Amino acid sequence: MQACVHIWDSTTLVTLQQIGLGTFQRGVGVGSLAFSIADSGAFLCVIDDSNEHILSVWDCTKGTKHAEIKVNKDCEVEVNSPAIQALISLITSTIHLRSSCSFLKGR
């Protein structure tokens, strides 16, 4: 069975999105996750439990991965820490900037 993150509607328990299906290493689960704070949870930060401890940032509505990076496997990573939230904000700002530039370029 492949690891993934399910996002459910808390009222109806309907699955809204499956994040990372086929991305996380087989037999390895998700170590920690956190939703972005600045944009009301539009993005999800996931750290897998593999030897490499890959931190990835996902768009919750589209289910697409926008960035990933190896994090130090010798330390505990707090995904709700200000540093991780700043990383998510930086990535999402870059995504919005790229979208805006593409829109303006097409005009």
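May I ask you to list the residues in the range 10-26 that are of a type outside the set (A, V, I, L, M) and either in contact (Cβ under 8 Å) with a residue 24 or more places away in the chain or part of a strand (DSSP E or B) (or both)?
Applying the first criterion (of a type outside the set (A, V, I, L, M)) to the range 10-26 yields 10-12, 15, 17-18, 20, 22-26.
Those that are of a type outside the set (A, V, I, L, M) and either in contact (Cβ under 8 Å) with a residue 24 or more places away in the chain or part of a strand (DSSP E or B) (or both): T15, Q17, Q18, G20, T23, F24, Q25, R26.
Is the range 73-86 home to any residue that is exposed (fewer than 14 other Cβ atoms within 10 Å of the Cβ), assigned to a loop (DSSP other than H, G, I, E, B) and either at pLDDT 80 or above or among the β-branched types (V, I, T) (or both)?
no
Name the residues in the range 27-36 that are among the hydroxyl-bearing types (S, T, Y) and not in a strand (DSSP E or B), would you?
S36
Is it the case, given these coordinates, that T94 is on the phi < 0 side of the Ramachandran plot and at pLDDT 85 or above?
no
Among the listed residues V57, V14, identify the single one that is modelled with pLDDT of 85 or more and touching a helix residue (DSSP H, G or I) at 6+ places or on another chain (Cβ under 6 Å).
On the way: V14 fails: touching a helix residue (DSSP H, G or I) at 6+ places or on another chain (Cβ under 6 Å).
Answer to the check: V57.
Residue under question is V46, and the condition is that it be among the β-branched types (V, I, T), part of a strand (DSSP E or B), without any contact (Cβ under 8 Å) to a residue 60 or more places away in the chain and touching a Ser or Thr at 6+ places or on another chain (Cβ under 7 Å); does it hold?
For V46, the condition - among the β-branched types (V, I, T), part of a strand (DSSP E or B), without any contact (Cβ under 8 Å) to a residue 60 or more places away in the chain and touching a Ser or Thr at 6+ places or on another chain (Cβ under 7 Å) - is met.
The values are calculated or read from the model by the stated rules, or taken from the named source; none is laboratory data. All values derive from a computational prediction rather than experimental measurement. Don't worry about glycine lacking a Cβ; one is built from the backbone with ideal geometry, like all the others, and counts go over all protein chains shown.
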